[in-house]
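Student: What follows is a single structure, and I will ask about it in a moment.
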Amino acid sequence: MKKILMAVLASILTLAGCGGGFGAGQVAVSPESYQPIRAQADGPAVTFPGTAGFTIHDKNSQQSPGQNGTAGSSADARPDGTAFATASSTSGGSASASFVLGAALHNDANGPLPVAVTCDIEYEYAIQTTAPSGGVATSGKIAFVVEARDQDSGKLLFQHPLASLSGYEDNVKRSDQQRLQFAATVSPLARWRIVLQGKADAQSSQEGKAQAEIRVTRCQMTVKPLAAPASQP
């Protein structure tokens, strides 16, 4: 048996600055692309992708075939809420691919912004590895994260694992759907993002093969502004 390490994680709220995940803080977003939202009782919810689509949709991939191996990877993230990352390698090669999909918002008021957020995600993931009996372990890895961050402060307000799996298996292929719900308070005038990030890695031994893939078939994010807290006398 070959060792496979897989993590499917959702780390949910960070309303506070850059960094974390797979680099969502480095994805460039123009100031006018941040959708304004402010605290209000019985205010309308904002849903993504909606008619305009997700503001943030970025991808990255890299390959290193090594001296005698092969490596391939690709990724995509679309405004309609679909995305994928896949990586494969043979004979000592390695590869990785990642995507970022999400919404950019702005608390355009001088007071705090309480919000209730719901994320509905449908996804599939798979890992396949082969190696000769007694050979060096070949590994595929997947990471899957949802987070919300305030782009101005960097403070982690909430984090929660969605699911995780690790073990010794030749092949893993699964599909799942999750509803994540959380509440947070955004600082006055803060810019913030809610993003779904996925990453696939494959690393093979000199006589092995590895492939890892994660695919998002549906992602919807709903942000409900709540009434501002009563001011203290």
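Student: Answer yes or no as to whether residue 227 is surrounded by fewer than 24 Cβ atoms within 10 Å (Cβ to Cβ), under 30 Å from residue 44 (Cβ atoms) and touching a His at 6+ places or on another chain (Cβ under 8 Å).
Tutor: Numbers: surrounded by fewer than 24 Cβ atoms within 10 Å (Cβ to Cβ): yes; under 30 Å from residue 44 (Cβ atoms): yes; touching a His at 6+ places or on another chain (Cβ under 8 Å): no.
No.
Student: May I ask you to list the residues in the range 124-147 that are out of contact with any Asp or Glu (no Cβ under 6 Å at 6 or more places or on another chain) and either on the phi > 0 side of the Ramachandran plot or at pLDDT 75 or above (or both)?
Tutor: 124, 125, 127, 128, 129, 130, 134
Student: Hey, another quick one. So if I check each of 100, 46, which one is aliphatic (A, V, I, L, M), under 18 Å from the mean Cα position of the chain (by Cα) and under 21 Å from residue 220 (Cβ atoms)?
Tutor: Details: 46 fails: under 18 Å from the mean Cα position of the chain (by Cα).
Matching residue, one of 100, 46: 100.
Student: What number of residues in the range 191-213 are crowded, with 22+ Cβ neighbours inside 10 Å and within 25 Å of residue 29 (Cα to Cα)?
Tutor: Counting residues in the range 191-213 that are crowded, with 22+ Cβ neighbours inside 10 Å and within 25 Å of residue 29 (Cα to Cα) gives 9.
Student: Could you tell me whether the range 149-171 includes any residue that is under 22 Å from residue 55 (Cβ atoms), assigned to a strand (DSSP E or B), modelled with pLDDT under 85 and not β-branched (Val, Ile, Thr)?
Tutor: yes
Student: Now a separate question. Residue 114 passes all but one of (1) over 23 Å from residue 46 (Cα atoms); (2) out of contact with any Lys or Arg (no Cβ under 8 Å at 6 or more places or on another chain); (3) of a type outside the set (A, V, I, L, M); (4) in contact (Cβ under 8 Å) with a residue 60 or more places away in the chain; which number fails?
Tutor: (1)
Student: Here's a follow-up. Out of the strands (runs of 3 or more DSSP E) lying entirely within the range 36-108, which hold 1 or more residues that are among the basic types (Lys, Arg)? Write out each step before concluding.
Tutor: Details: elements: 46-48, 56-64, 70-77, 83-90, 94-107.
The qualifying strands (runs of 3 or more DSSP E) are 56-64.
The values are calculated or read from the model by the stated rules, or taken from the named source; none is laboratory data. None of the values given here were measured: they were computed from a predicted structure. Note that each Cβ is placed from the backbone with ideal geometry, even for glycine, and that neighbours are counted across all protein chains shown.
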